[in-house]
Amino acid sequence: MSTHSQPRTDTGGPDVVLVRGASVLGERTADLLLRDGVVAAVGGPGELGDTDGARVVDADGMVALPGLVDLHTHLRQPGREDAETVASGSRAAAVGGYTAVLAMANTTPVTDTAEAAEHVHDLGVAAGLVDVHPVGAVTRGLGGEELAELGLMHRSRAAVKVFSDDGRCVANPRVMRRALEYVKAFGGVISQHSQDPDLAGPTACCHEGELSGRLGLPGWPGVAEEVVVARDVMLARHTGSRVHVAHASTAGTVEVLRWAKAQGYPVTAEVTPHHLLLTTDLLATANGGYDPTYKVNPPLRPEEDVLALREALADGTIDVVATDHAPHARHDKQHAFVDAAFGMLGLETALSVVASVMVEPGLLTWADVARVMSSRPAEIAGLDRQGRGLEVGAPANLVLVDPSADITVDRDASVSLSRNNPYDGRRFGAAVRATFLRGTPTVLDGALV
Ligand code: DOR
Ligand code: ZN
């Protein structure tokens, strides 16, 4: 793909972009005129006529999708600016094709007040590359007992609608019930890190199974996730309020979700790219074994869980893909496996992973990718200016994907401040080439503008 800046004329300006020859949702070839932050015109190839002054972006061979929306991002600011900042995480998001991210609350201090939420929101506006929506904590200090300022966070400038103690489970059912009742008044949603702390035990660090026994590592049984999902769908039924299951990771969770959705209960779920691609045996095989790059919570699971998650995403049982981008400074990862921090990078590679495990085998079309990575996440988070179709009048948030790229991930080429990239050295056949936020390119030719 190449870009050409043409001389300015009276009819155009720096903010007018003509995206030429893109395959919209992989379905039909069109030219898109982006002006004043919206899609101003859509036409067949060459149909838009006189667009003098527009910056022309040649999108021949590219698939155009609405800008991606990530329901689950850790940006680490305030508190761990050595691992990521709102600005660096925004850069990683833009490179990954995102135009909006939800920034998790487990920062230092925790996002549990209106002021804290507004601070993250304002940092996002200042970075200016993606819309940054702070997630509010469910409980004060993520302590699991006392509700955080849910209403004040919602009424703040940050207009928080998604609440989560992510990193920890809201284990107390009374607290979960009260939180659901509270956020129902304003259409909020509780995103739950489903993991019974008593079933899992404090030292668990990988999937409990035959392999964890062999490696001598304490494991989490899949059922520690499943019992909380089962409890929460019943609380969703009881309260009529929305539960969102963060990073679903087991076949048993899929079964519960399938049942709950068939009953019509207000529950949605996400799966991460890493749980769709990577399996627990990497703990034995990758880089000589025990590589903390693959330490994540919930843990990588066996193949049968991975296959169930793919099927559930394909049939709509799982609504969306969310990254759980979890940057960690080198000194927090470079430890013995049991002592290293949990989490892996995800923003820059999510689209390539989803293309390889879902689109290439025919489990999802590009239009489905737009649904699971953009429109459904926007709906769940209540973002009405994101995730919209590429139609006249819609906000010009879009991503151009090369569906026949050949890329090899290089963790040192990341724009994140961290290097805990589990895909280093892997090849993928699709890649984000350009991202536009309200008509302004943030990424062109695969690089930040
Ligand atoms: O692996 C994880 N990392 N899982 C979580 O739930 C939290 C996250 C983090 O904040 O690093
Ligand atoms: Zn989590």
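The values are calculated or read from the model by the stated rules, or taken from the named source; none is laboratory data. Note that the coordinates shown come from a computational prediction; the quantities given were computed from them, not determined experimentally. When we count neighbours, we look across all protein chains shown, and the Cβ atoms used for this are built from the backbone with ideal geometry, even at glycine.
Condition check: at pLDDT 95 or above, among the hydrophobic types (A, V, I, L, M, F, W, C), surrounded by fewer than 18 Cβ atoms within 10 Å (Cβ to Cβ) and over 30 Å from VAL449 (Cα atoms). Does ALA114 satisfy that? No, not satisfied. Within the option set LEU235, LEU211, LEU217, being over 22 Å from the mean Cα position of the chain (by Cα) and not in a helix (DSSP H, G or I) holds for one residue only, LEU217.
Within the stretch 183-203, the residues that satisfy the criterion of being more than 14 Å from ligand 1 (Cβ to nearest atom) and over 23 Å from ALA378 (Cβ atoms) are ASP196, ASP198, LEU199, GLY201, PRO202, THR203.
Restricting to the stretch 293-310, and then to whatever is more than 10 Å from ligand 1 (Cβ to nearest atom) and in contact (Cβ under 8 Å) with a residue 60 or more places away in the chain, can you tell me which residue is nearest to ALA251 (Cα to Cα)? Of everything passing the filter in the stretch 293-310, ASP305 is nearest to ALA251 (Cα to Cα). Residues that are among the hydrophobic types (A, V, I, L, M, F, W, C) and in contact with a Gly (Cβ under 9 Å, 6 or more places away or on another chain) within the stretch 338-371 comprise PHE342, LEU347, ALA350, LEU351, VAL353, ALA355, VAL359, TRP366, ALA367, VAL369, ALA370, listed in sequence order. Report, by residue number, each residue of the stretch 422-449 that is charged (D, E, K, R) and more than 21 Å from GLU360 (Cα to Cα). Selection gives ARG438, ASP445.
Every residue, every condition in (1) within 24 Å of THR29 (Cβ to Cβ); (2) within 16 Å of the chain's Cα centre (by Cα); (3) without any contact (Cβ under 8 Å) to a residue 60 or more places away in the chain, yes or no:
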residue	(1), (2), (3)
GLU348	no, yes, no
SER352	yes, yes, no
ALA370	yes, yes, no
VAL409	no, no, no
LEU417	no, no, no
ARG426	no, no, yes
PRO441	yes, no, no
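Within the stretch 140-180, restricting attention to residues that are buried (at least 24 other Cβ atoms within 10 Å of the Cβ) and of a type in the set (Val, Ile, Thr), the residue that is farthest from ligand 1 (Cβ to nearest atom) is VAL160.
Scanning the stretch 237-276 for residues that are within 20 Å of ASP305 (Cβ to Cβ), among the aliphatic types (A, V, I, L, M) and either surrounded by fewer than 19 Cβ atoms within 10 Å (Cβ to Cβ) or within 14 Å of ligand 1 (Cβ to nearest atom) (or both) yields a count of 4. Of the helices (runs of 4 or more DSSP H) entirely within the stretch 250-304, those holding at least 2 residues that are within 16 Å of ligand 2 (Cβ to nearest atom), at pLDDT 95 or above and of a type outside the set (A, V, I, L, M, F, W, C) occupy 273-277. Listed by position, the strands (runs of 3 or more DSSP E) inside the stretch 13-95 whose residues that are at positive phi number at least 1 are 17-24.
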